Amino acid sequence: MKRITTLGRGRILIILNKVPFFKAFTSFEKEKVIDTEASFYVAQEDEYIIEQNTLDTAFFILLSGSARVTLDGIEAPLANMGPGDFFGEIAFIQNTPRTSNVIANEVCILLKVDRRLLGALNADIREKFKDQVIIKLAGMVAAKNNDLEK
């Protein structure tokens, strides 16, 4: 993946306004994320965004494009991701190796969220990032519970 430095503040704000992850963020909060040395990346088609078993404590928010989640040795994707989806949160929270691969299906633009970025944001904005992660994890637990009940 390659870090993007040429998108421009206005274009990034337009992208963030379209992404469901940032729906609860005010315009001011989105601008603060952009202005806080946020790292934006581009991944090309079939490029690995995350590699299983590697160590990295950042997670990524998919801003445009699509990606698939796979496991080493298994060809069929476990899931497909689109704008607003995020991944890598388990390694971010637990400081453990990556549990799966995430591979770009097409050109993707991503926001890298790491402790440096979150630490530079005010508490209200950090809480909104945390809320999104909690909502996703709670949904995963609920889905597992539903599967167990069947």
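The values are calculated or read from the model by the stated rules, or taken from the named source; none is laboratory data. Bear in mind the structure is a predicted one, so any value in this text is a computation, not a measurement. Ideal geometry is used to build each Cβ from the backbone, glycine not excepted, and the neighbour counts take in all protein chains shown.
Among the residues of the range 1-12, those identified as over 19 Å from Arg68 (Cα atoms) and either surrounded by fewer than 17 Cβ atoms within 10 Å (Cβ to Cβ) or in contact with a Gly (Cβ under 8 Å, 6 or more places away or on another chain) (or both) are Arg3, Ile4, Thr5, Thr6, Leu7, Gly8, Arg9, Gly10, Arg11. Of all residue pairs spaced 6 or more apart or on separate chains, those with beta-carbon atoms under 6 Å, a first member in the range 70-96 that is over 22 Å from Ile15 (Cβ atoms) and a second member that is of a type in the set (S, T, N, Q) and surrounded by 17 or more Cβ atoms within 10 Å (Cβ to Cβ) are Thr70/Asn101; Leu71/Ser100; Pro77/Thr70.
For the range 22-71, the set of residues classified as of a type in the set (A, V, I, L, M), part of a strand (DSSP E or B) and surrounded by 17 or more Cβ atoms within 10 Å (Cβ to Cβ) consists of Val42, Ala43, Ile49, Ile50, Ile61, Leu62, Leu63, Ala67, Val69, listed by residue number.
Looking across the range 1-46, the residues that are in contact with an Asp or Glu (Cβ under 8 Å, 6 or more places away or on another chain) and among the small types (Gly, Ala, Ser) come down to Ala24, Ser39.
Do we have Asn17 as among the polar types (S, T, N, Q) and surrounded by 12 or more Cβ atoms within 10 Å (Cβ to Cβ) here? Yes, satisfied.
Just one of the listed residues (Phe60, Phe92) is touching a Leu at 6+ places or on another chain (Cβ under 6 Å) and either more than 26 Å from Ser27 (Cα to Cα) or aromatic (Phe, Trp, Tyr) (or both), and it is Phe60.
Pairing each residue of the range 99-127 that is part of a loop (DSSP other than H, G, I, E, B) with any residue that is hydrophobic (A, V, I, L, M, F, W, C), provided the two are 6+ apart or on different chains, yields C-beta distances under 6 Å for Thr99/Ile90; Ser100/Val69; Ser100/Leu71; Asn105/Ala67; Asp114/Ala58. Please indicate, with yes or no, whether at least one residue in the range 15-22 is in contact with a Gly (Cβ under 9 Å, 6 or more places away or on another chain) and aliphatic (A, V, I, L, M). Yes, the range 15-22 has at least one match. Taking every residue in the range 130-145 that is closer than 19 Å to Met81 by Cα and pairing it with any residue that is of a type in the set (Val, Ile, Thr) and at pLDDT 85 or above, at least 6 positions away or on another chain, yields no pair with a Cβ-Cβ distance below 6 Å.
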